[in-house]
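What follows is a set of notes on a single structure, which appears directly below.
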Amino acid sequence: MEIIIVGCGKVGTTLAERLSAEGHNLVMIDLLSQKLNNIQNSLDVMGIEGNGASYNILIEAGVETADLLIAVTGADELNLLCCLIAKKAGHCQTIARVRNPLYNQEVNFIKESLGLTMIINPELAAASEIARLLRFPSAIKIDTFAKGRVELLKFKICPEFHLDGMKVLEISSKLKCDILICAVERGEDVFIPNGAFELKDNDLVSIIGSPQNSANFFRKIGIVIHPVKNTMIIGGGTIAHYLAKRLIATGIRVRIIENNKERCKYLSDQLPEASIIYGDGTNQSLLLEEGLSQTESFVALTNLDEENILLALFAKKHSPAKTIAKVNRLAFTDIIDSLDIGSVIYPKYITADYILQYVRAAQ
């Protein structure tokens, strides 16, 4: 497909890497030549320096014959304008990144009025992923298919599950569960198991099944399947805002620790049911005073990846909580995944996956 990407930030770069690897022809547009040079040095893409909302720039990028335009700059309004002009100039499909919580309530109206194919929100997508994990705290990762009728769950085999040495074909007969074990990660190796494959403690196992069958399987091996009742969130950014709103709606008690006083006031106004604490979330004494040892889930959402990882490790040590850390930079995923910090959320990957699903379906 002929695809134009406006914006060479983290999301734009991640998208370019994934789409280029699948053989699509890409044109990147950005105001900063340095960003374009960096991405052109590493990927087989064409770069154009300029404003993606300019009709002339879009014509130069080939919008008249393009199949898809994806606008992922840092400004919501600019993304919407890029898509509107592209739609008028070339009749291509358009995807816009819109992050502001204010627009989230009007997303359907905006999409229909401007004729957008899709609106993506990395922060909302990340919050939705975290909310799913807190609904099923024993899972490391959850993906849904067929509008939620089927789930793909990843979990780690612990000795208390009594699965060590059990063959895959014995799962159905011994546990009477209708689930499919589709992948097993053991160290650096990944296996697609047949019936004779033996499971081992510390394996990372991915299973697929309906929510009811998956819950039945986890219940029989002794895994807690009840949603958490309370959570502690470190960092009061946009993801925290979306997440808290979603958790409060399901009856989960939310406590947010934020070190910006103005942001605390804003969150207090927007989330009256949540407890907003003004303080340094990296202060160990503060975390313990606010009930870290009793909390059922702990979510680190600061702007620093290193802080989030260390906070998750600290929470893991001082409480039995389900721990989740947000990571933006993608360069050290193998090292991060080797740490026992519970679940790790990559907002840029989540966004890229949504768009890739659309591109593959369009093909």
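The values are calculated or read from the model by the stated rules, or taken from the named source; none is laboratory data. What you see is a predicted model, and the numbers here were worked out from it, not measured in a lab. Backbone-built Cβ (ideal geometry, glycine too); neighbour counts: all protein chains shown. Accessible surface is based on the protein model in full, side chains and every heavy atom, while ligands, DNA and RNA are left aside. Shrake-Rupley method; radii C 1.70, N 1.55, O 1.52, S 1.80 Å.
Once C-alpha pairs closer than 8 Å and six or more residues apart are averaged by separation and normalised to the residue number of segment 206-363, the relative contact order reads 17 percent.
Over all pairs of different C-alpha atoms, the chain has a mean inverse distance whose reciprocal, the Kirkwood radius, equals 22.2 Å. When the Cα positions of Leu301, Thr351, Ala315 are compared along the charge dipole of segment 253-363, Thr351 comes out farthest toward the positive end, with charges on each C-beta of Lys, Arg, Asp and Glu. Selection among Gly222, Val150, Thr14 by position relative to the dipole of the chain gives Gly222 as farthest towards the positive end (Cβ unit charges, Cα centre).
Highest mean packing comes first when the peptides 25-36, 190-201 are listed by Cβ atoms within 10 Å, giving 25-36, 190-201.
Protein heavy-atom surface of the chain, 1.4 angstrom probe: 50% of the accessible area is carbon and sulfur, with nucleic acids and ligands not counted. For segment 272-323, a simple Cβ point-charge model (Lys and Arg +1, Asp and Glu -1, everything else neutral) yields a dipole of about 240 debye relative to the Cα centre. Taking every alpha-carbon pair under 8 Å whose residues sit at least 6 apart, segment 1-114 reaches a relative contact order of 25 percent.
Diffusion coefficient (Stokes-Einstein, Kirkwood radius over C-alpha pairs, 25 °C, 0.890 mPa s) for segment 258-351: 173 µm²/s, rounded to a whole number.
Annotation: amide H-H contacts under 5 Å for Thr323 (H modelled 1.01 Å from N, sequence separation of 5 or more, or interchain): Phe298, Ser343. Residue by residue, segment 175-189 carries 3J(HN,Hα) couplings of 9, 6, 10, 9, 10, 10, 7, 9, 7, 10, 9, 10, x, 9, 9 Hz when phi is fed to the Karplus relation 6.51 cos²θ - 1.76 cosθ + 1.60 (θ = phi - 60°); x denotes Gly or Pro. Using equal-weight Cα scatterers in the Debye expression, the normalised intensity of segment 103-197 in log10 at q = 0.12, 0.17, 0.24 Å⁻¹ is -0.59, -0.92, -1.42. Across segment 181-338, the volume of the C-alpha convex hull divided among the residues equals 139 Å³ per residue. You can think of it this way: the chain between Asp269 and His318 has 14.5 nm of extra reach, that is 0.36 nm per residue less the Cα-Cα gap. Each residue of segment 55-116 gets 67 Å³ once the volume of the Cα convex hull is shared out per residue. Against the chain, whose longest principal axis is taken from its Cα atoms, helix 261-270 shows a tilt of about 80°.
Please name whichever of Met232, Gly47, Leu81 sits farthest to the positive end of the charge dipole of the chain, dipole taken about the Cα centre and charges placed at Cβ: Lys and Arg +1, Asp and Glu -1. So the residue we want is Met232. Report summary: the helix-based calculation at 222 nm, which adds -39500 (n - 2.57) for every DSSP H run with n ≥ 4 and divides by the residues of the chain, gives -12500 deg cm²/dmol.
When the alpha carbon gyration tensor of segment 46-153 is reduced to an equivalent ellipsoid, its three semi-axes come out at 32, 15, 13 angstrom, largest first.
Taken per residue, the accessible surface of the chain reaches 48 Å², heavy atoms only and a 1.4 Å probe.
Coupling constants for segment 153-169 follow from the phi torsions by the Karplus curve (6.51 cos²θ - 1.76 cosθ + 1.60, θ = phi - 60°), and in residue order they are 10, 10, 8, 9, 6, 10, x, 6, 7, 6, 9, 4, x, 7, 7, 4, 5 Hz; glycine and proline get x.
Solvent-accessible area of Leu204, all protein chains in place: 50 Å² (probe radius 1.4 Å, heavy atoms, ligands and nucleic acids excluded).
The share of Cα pairs per 5 Å bin across segment 181-242, counted from zero up to the longest distance, runs 4, 12, 16, 17, 14, 13, 14, 6, 3, 1 percent. Axis of helix 10-21 versus longest Cα principal axis of the chain: the two differ by about 90°, to the nearest ten degrees.
If you look at the Cα atoms of segment 1-112, you get an Rg and a Dmax of 13.2, 40 Å. Computed from backbone phi, the HN-Hα couplings of segment 45-50 come to 10, 9, x, 10, 7, x Hz, rounded to whole numbers (Karplus: 6.51 cos²θ - 1.76 cosθ + 1.60, θ = phi - 60°; Gly and Pro given as x).
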